[in-house]
Each structure stands twice: as C-alpha cells, then as structure tokens.
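The values are calculated or read from the model by the stated rules, or taken from the named source; none is laboratory data. As the structure is a prediction and not an experimental result, all values here were calculated from the model. Cβ placement follows ideal geometry from the backbone for every residue including glycine, while neighbour counts extend to all protein chains displayed.
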Amino acid sequence: MIEIKTAKDMQCVTKTYRKEGKTIGFVPTMGFLHEGHMALAEKARKENDIVVMSIFVNPLQFGPGEDFESYPRDIERDRKLAEGGGVDVLFTPAPEDMYQQESTVIVNVKKRTDVLCGRSRVGHFDGVATVLTKLFNLTSPTRVYFGMKDAQQVAVVDGLINDFFMDIKLVPVDTVREEDGLAKSSRNVYLSKSEREEAAALYQSLQHGARLIADGERNPDVIMEEVRGMLNKTSGVIDYAEIYSYPDLKSREMLSGKIIIAVAVKFSKARLIDNIIIDIPDDRKEDL
Ligand code: PAF
C-alpha cells in the first residue's frame, strides 16, 4: 500500500492508473475504520484493479456545535487496517490542501435533503457533495462504494453522479451490524455501557416496522407510532423517526414501492442513525 498526502500527487497517480487501463474502486471515508468500511474495501477489492481509500474528516460537512474537533481519529490503526483490507492507495490529505483558499464553488444539493439528517444538519450534504466532487476528480474512480447506513447520503450521491453526468458507478453496500443488530459506526465508542445495550432498539424498531408492512399495514402513521414507541423506551431522544419513498425521500399517504424507514436517536454523547429499505410489492397485482 502507498500513502498519498497531497491532492496533486493523488491526481498524478490516478492518471497513470487510468492510462494503463486499470479500473479504480474508490472508498471515501472519514477514518476511524470499522468493519463497515472494511466491507466497502472488500467489495472494491473484488471488483477493481486498484482500490483507493481516502481518510479525510471533512470540516465542510460539520455544522457549528457538531463534533468536528472531537470526531474520533486514529491514523496509525487506520493505516494497518487499510493495508490488511487490500487497499492499494491510502489518500490522507490535509484540510489546507483540500480547501486551499476561500472556496469559489460549493455544491448546493437541492433535493433529498429537506428531511432526515439534511433537515437536522443544515448544510451537511452541501459539504458532503462538495468534498466528494473534489475527491472524485482526484481519484477518477470507475466505481465508488458507500454504506447503506447513510442511505440519505447514498441518495444524494446518486443525484450528484446523475446530475453532473459523472462517469462513475455508485455501489451501495449493506450495513454491517453487531450481533444485536446495532449498525457499526465510528460514533458507537461514545456510548456508555447501558446506552450501548439500549442502542439495539434502533434496529429492533426498524425490523418491527418492516414486520408491520409485511403483515399488510400501509398507513405510515400507524407504523411510525409503533417505531417511535419502541425508541421512546430508551434513554435516548428521538431526533427523527420517519418513513419516505426511496431514493427521492418523499412522504406518502399510503405506502407503496421502495420505501425507507429511517431513525436518528441522540444519546448523551452520540447521535446514532439507522434505516431499513423495503420494496413493497404492488398490492393490486395480488388481486388479479
Ligand atoms: O460517509 C462519510 O464518511 C463521509 O460523509 C464521506 C462520504 C467520506 C464524505 O466526507
């Protein structure tokens, strides 16, 4: 594995790979790697000649009062994990390199951001779309890998790639979970012992919602009341617990097609998110 620390060098290296006709799988991360990231690298390894992983805690996607400064970082450990996970190029730029002067252009995401994390974290997805546009230009990927834990992020990246005619294939990868169902996340380290136990309720509530749908419930209010009821039993505070069509993230009076149930719960030091995506069969067809 080689490590590249500047944008200029990164672009140089990817140009060479592209000239040699190699495919590039890109895994963008903010580091503090866990099994979720490693699953992305593993898939990228299987599908591409070269695997590039970036580690960059992007200041532009953190709002005032959010955890940019305290976001967990451990570059030594990340290097070892990346190398063991089959990464060929680790890109670790400094913030001054990615954001050289005052920005001339910031990508402004217009849709799919007025709900869920986009509503509670104003400007967050502009920061994500801006840094990804930069990273895509530097790494020139054939395929990019994103975890479905951040399903709204996947929906935004899908819009970014399509709207800007980027010649990149988006590969969403299933959420990796702990044994009790809690989604793996860099922020899980902030949970106290009792919060960690309670946190399993996030996925349990999503599964309960999915079961109600499987049993024929189509009224979003009925489903979400039950999901919220389960989350309210924890010591965490619900930031949101909502149900939308996916990936366009619109409310529906009656559920049909592809939908997402998404939840975010604030514990004392960590805000956890999770979701489940369900393809609802067309009920009318069953009557034929
Ligand atoms: O999901 C993340 O870790 C970040 O939002 C990403 C995609 C690396 C952009 O900074």
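Within the range 144-166, does at least one residue satisfy the condition of being without any contact (Cβ under 8 Å) to a residue 24 or more places away in the chain, among the acidic types (D, E) and more than 26 Å from K111 (Cβ to Cβ)? No, the range 144-166 has no match at all.
Any idea how many residues of the range 183-203 are in contact (Cβ under 8 Å) with a residue 24 or more places away in the chain and surrounded by 16 or more Cβ atoms within 10 Å (Cβ to Cβ)?
Result for the range 183-203: 14.
What residue, among those in the range 47-68 that are away from the ligand (no atom under 16 Å from the Cβ) and not β-branched (V, I, T), is surrounded by the most Cβ atoms within 10 Å (Cβ to Cβ)? This residue is N48.
If I ask for residues that are within 16 Å of the ligand (Cβ to nearest atom) and closer than 16 Å to D88 by Cβ, which ones from the range 5-34 would you list?
If we filter the range 5-34 for residues that are within 16 Å of the ligand (Cβ to nearest atom), which is where we start, we get 7, 10, 25-34.
Answer for the range 5-34, where residues must be within 16 Å of the ligand (Cβ to nearest atom) and closer than 16 Å to D88 by Cβ: M10, G25, F26, V27, P28, T29, L33.
For the range 107-130, taking the residues that are in a loop (DSSP other than H, G, I, E, B), of a type in the set (A, V, I, L, M, F, W, C) and over 20 Å from R271 (Cα atoms), the one that is farthest from the chain's Cα centre (by Cα) is identified as V107. If the condition is being at pLDDT 95 or above, assigned to a loop (DSSP other than H, G, I, E, B) and more than 17 Å from V131 (Cβ to Cβ), then the range 56-81 contributes only D74.
Candidates T104, T133: the one that is without any contact (Cβ under 8 Å) to a residue 40 or more places away in the chain, surrounded by fewer than 20 Cβ atoms within 10 Å (Cβ to Cβ), in a helix (DSSP H, G or I) and out of contact with any Phe, Trp or Tyr (no Cβ under 6 Å at 6 or more places or on another chain) is T133. How many residues, within the range 10-24, are part of a helix (DSSP H, G or I) and either on the phi > 0 side of the Ramachandran plot or free of Cβ contacts under 8 Å to residues at least 24 places away in the same chain (or both)? Residues flagged as part of a helix (DSSP H, G or I) and either on the phi > 0 side of the Ramachandran plot or free of Cβ contacts under 8 Å to residues at least 24 places away in the same chain (or both) within the range 10-24 amount to 3.
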